[in-house]
Amino acid sequence: MSAIAARARLHLAARSERPGLWIGGFGIALLASAMAAAGLGAVAVPPGQLGEAALDSGHPLHAVVWDVRLPRVAAAAAVGAALAVSGALLQTVVRNPLADPAVLGVTGGAGLAAVATLVMVPERSHWVPAFAFAGGMATVGILLALAWLRSRVVAGPLRIVLSGVALQAVFFAAIALLMFAFADRAPSFTAFLVGSLNGLGWSDVAVVALPTGIGLVASLAAIRTLDLLLLDDSTAGGLGLSVRRARFGAATVAALLAAGAVSVAGLVGFVGLVVPNAVRLLVGPAHALLLTLSAIGGATLVLLADTGARVSLAPLELPVGALLALIGGPYFLVLLWRKLG
Amino acid sequence: MSTVVLAAERVHLRHTGAEHDAVRDVILEVRAGEIVALVGPNGSGKSTLIAGLARELRPRAGWVRFEGGDAFRIPRRRFAQRVALLPQEPACPEGLTVEALVGHGRHPHVGAFAARTAHDERAVRRALAAMDLADHRRRKVETLSGGERRRAWLAMTLAQETDILLLDEPTTALDLRHQWEVLALLARANQERGLTVVVSLHDLEQAAWLAHRVAVMHRGRVYAAGEPARCLTEETLRDVFGVDSRVTKEDGSLRVRAQGPADALRSL
């Protein structure tokens, strides 16, 4: 039994040295799920016709593919990539695999700021992403302050996660109160709280694509620093890294990524938990491959979940966040028990 | 006499959240090309002093000097190009290979974006070979034995190619052969290229063999410092460790035979 496990591990180790294969494989999965997402629905578009329908404005299915399906595909991919990379970064920052923008309350903080902007100053709705970022950052600030107040090193394995869980609960409650008080102006309550990609257009894609793009480039540029953050503070400091600054920078990028996703999709959870942990099992903790595959894998997961949410009970549409939570919740429990065991 | 490269000047050090200073009013000067061993009982402040010298811990009072200036005012990376630190119990992420860990030692020299050069690769290979780990370089650090893991961390500090090494109990968890290999490696690097070493050790005979000077620490202070033979006396060992011992010189090296805790044995 253990011999088989050892051989499997060897096999995995050997494969992790071929990053091209991994990226290619993940890329093909992403492409396939994007084509499925663009093709499936009330009007099915066969894969062979997708390109033509998208580009030729005279095509009978052009409106369906170009105006409805593709923006949603692009938004889903961006949201998934952003949340997965955000989760990977937060896991490195707090050195704990249980971290995730939703678990730590970062999406809650961003969501609260976004909802507050929407209902209190509706004429400033174009500021939603910026305020969402501020809300996410504030949450990150609170968490890091809590961790540093107690000790120089990262707080014990569970303290920071539990703090995040508490913060997320508070933010949830505040969002619910706001929406209750401003029921006439609020966006759809359940859709926002659970997370949904329903009815997104190209302008929404722009809102999520910009912070996601910046965040992905920034985190890929910092892979060496992130690798050092996995060591303990003394070692990383001894190697010339300013640990606090690096940790704060990584958390900032994580908040930016989460805020972009929250701005269009609401409080989608667990993507940042499930994807990086699965990727880490496959290729190890080095950030070059971890972040790349997390971005592709996150995009794929949200695309698949969103397509499933659209077509499984059609014409009824489920909120994608609920489906993801059905996968992610149990996963979180497994991680938690393994971690404590 | 060569110049002082690293010095603690009346340094008081306290860990975050602690209520007392772990190091009190310590003066220690380390000269270029010198090996200084810190010895003393558990909790006497050896690790804390090393953390201070490595500018991991900011003194509450006093100064840590590096080449005459305030060590804390030098950019971290430049400091790390000159001074390498081996912490006592470093944490390592799961799934990291030995080679990748040792490669981290090149960080102060490589920069965030530049590619590693042939020289960097050579430094990593040399460090792996010196720590007897060439065959293990593809293994995951968490699958190594305690001693192998310790050597992997040592290899990382060696790959940093600094002229000053601060080592917190480098031989703990190593078997006898690898203990002496580490000591011999330090002695050789010291003779051949003037490597400066500050090292905390529990074995007094090893400290006496390796170091030009020892500093005996006791309750956060330096109780005695100087040549090993002059410092490690029966009297000092009784005062500091609370053990009766017999210290002799055999074939030029110091022999320390502890004869049990001074009070505990007597009460038997």
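The values are calculated or read from the model by the stated rules, or taken from the named source; none is laboratory data. The structure presented is a predicted model; accordingly, all values stated were derived computationally and were not measured. Note that each Cβ is placed from the backbone with ideal geometry, even for glycine, and that neighbours are counted across all protein chains shown. Side chains included, ligands, DNA and RNA excluded: accessible areas come from the protein's heavy atoms. Shrake-Rupley method; radii C 1.70, N 1.55, O 1.52, S 1.80 Å.
Residues that are open to solvent by 30 Å² or more (accessible area, probe 1.4 Å), within 7 Å of chain A (Cβ to nearest Cβ) and closer than 23 Å to A:Arg280 by Cα: does region B:97-113 have at least one? Step through it out loud before you land on a result.
As a first pass, look at region B:97-113 and keep what is open to solvent by 30 Å² or more (accessible area, probe 1.4 Å): B:97, B:99-100, B:109, B:112-113.
Within this subset, residues satisfying the condition of being within 7 Å of chain A (Cβ to nearest Cβ) are B:100, B:112.
Then drop every residue that is not closer than 23 Å to A:Arg280 by Cα, which leaves B:100, B:112.
Yes, region B:97-113 has at least one match.
Yes or no: B:Ala80 assigned by TED's automatic domain parsing to the domain that holds B:Leu133, in a helix (DSSP H, G or I) and in contact (Cβ under 8 Å) with a residue 40 or more places away in the chain? Give the derivation first.
Details: assigned by TED's automatic domain parsing to the domain that holds B:Leu133: yes; in a helix (DSSP H, G or I): yes; in contact (Cβ under 8 Å) with a residue 40 or more places away in the chain: yes.
Considered against the rule, which asks whether it is assigned by TED's automatic domain parsing to the domain that holds B:Leu133, in a helix (DSSP H, G or I) and in contact (Cβ under 8 Å) with a residue 40 or more places away in the chain, B:Ala80 comes out as yes.
With respect to the conditions (1) part of a helix (DSSP H, G or I); (2) within 7 Å of another protein chain (Cβ to nearest Cβ); (3) in contact (Cβ under 8 Å) with a residue 12 or more places away in the chain, B:Glu94 lacks only one, and its number is (1). Name the residues in region B:180-218 that are in a strand (DSSP E or B), open to solvent by less than 20 Å² (accessible area, probe 1.4 Å) and not hydrophobic (A, V, I, L, M, F, W, C), would you? Selection gives B:Thr196, B:Ser200.
Residues B:Gly45, B:Gly40: which one is buried (at least 16 other Cβ atoms within 10 Å of the Cβ), in contact with a Gly (Cβ under 9 Å, 6 or more places away or on another chain), away from chain A (no Cβ under 14 Å) and at pLDDT below 95?
B:Gly45
Checked against (1) closer than 27 Å to B:Phe241 by Cα; (2) open to solvent by 30 Å² or more (accessible area, probe 1.4 Å), B:Glu67 passes all but a single condition, namely (1). Take region A:226-253 and flag every residue that is closer than 17 Å to B:Leu154 by Cα and at the interface with chain B (Cβ under 7 Å from one of its Cβ atoms). Once the filter is applied, which keeps residues that are closer than 17 Å to B:Leu154 by Cα and at the interface with chain B (Cβ under 7 Å from one of its Cβ atoms), region A:226-253 yields A:Leu228, A:Leu231, A:Asp232, A:Ser234, A:Thr235, A:Gly237, A:Gly238, A:Leu239, A:Gly240. Being within 13 Å of chain B (Cβ to nearest Cβ), assigned to a helix (DSSP H, G or I) and closer than 25 Å to A:Gly25 by Cα is a description that applies to A:Leu281. Residue count for region B:230-257 under the criterion of being closer than 20 Å to B:Trp180 by Cβ and of a type in the set (A, V, I, L, M): the result is 3.
Scanning region A:86-109 for residues being in contact with a Pro (Cβ under 8 Å, 6 or more places away or on another chain) and in a helix (DSSP H, G or I) gives a total of 6.
Out of the residues in region B:136-169 meeting the condition of being within 14 Å of another protein chain (Cβ to nearest Cβ) and in a loop (DSSP other than H, G, I, E, B), tell me which one is surrounded by the most Cβ atoms within 10 Å (Cβ to Cβ). Here the answer is B:Gln160. Answer yes or no as to whether B:Leu57 is under 26 Å from A:Ala246 (Cα atoms), in the same structural domain as B:Glu227 (by TED's automatic domain parsing) and at pLDDT 95 or above. No.
Against the numbered list (1) open to solvent by less than 40 Å² (accessible area, probe 1.4 Å); (2) modelled with pLDDT under 85; (3) not in a helix (DSSP H, G or I), A:Glu317 comes up short only at (1). Taken over region A:209-222, the criterion of being closer than 14 Å to A:Ala295 by Cα and either touching a residue at least 40 places away in the same chain (Cβ under 8 Å) or crowded, with 24+ Cβ neighbours inside 10 Å (or both) is satisfied by A:Ala209, A:Pro211, A:Thr212, A:Ile214, A:Gly215, A:Leu216, A:Ser219, A:Leu220. If I filter region B:223-240 for residues that are closer than 23 Å to B:Cys92 by Cβ, more than 14 Å from the chain's Cα centre (by Cα), open to solvent by 10 Å² or more (accessible area, probe 1.4 Å) and of a type in the set (A, V, I, L, M), do I get at least one hit? Taking every residue of region B:223-240 in turn, none turns out to be closer than 23 Å to B:Cys92 by Cβ, more than 14 Å from the chain's Cα centre (by Cα), open to solvent by 10 Å² or more (accessible area, probe 1.4 Å) and of a type in the set (A, V, I, L, M).
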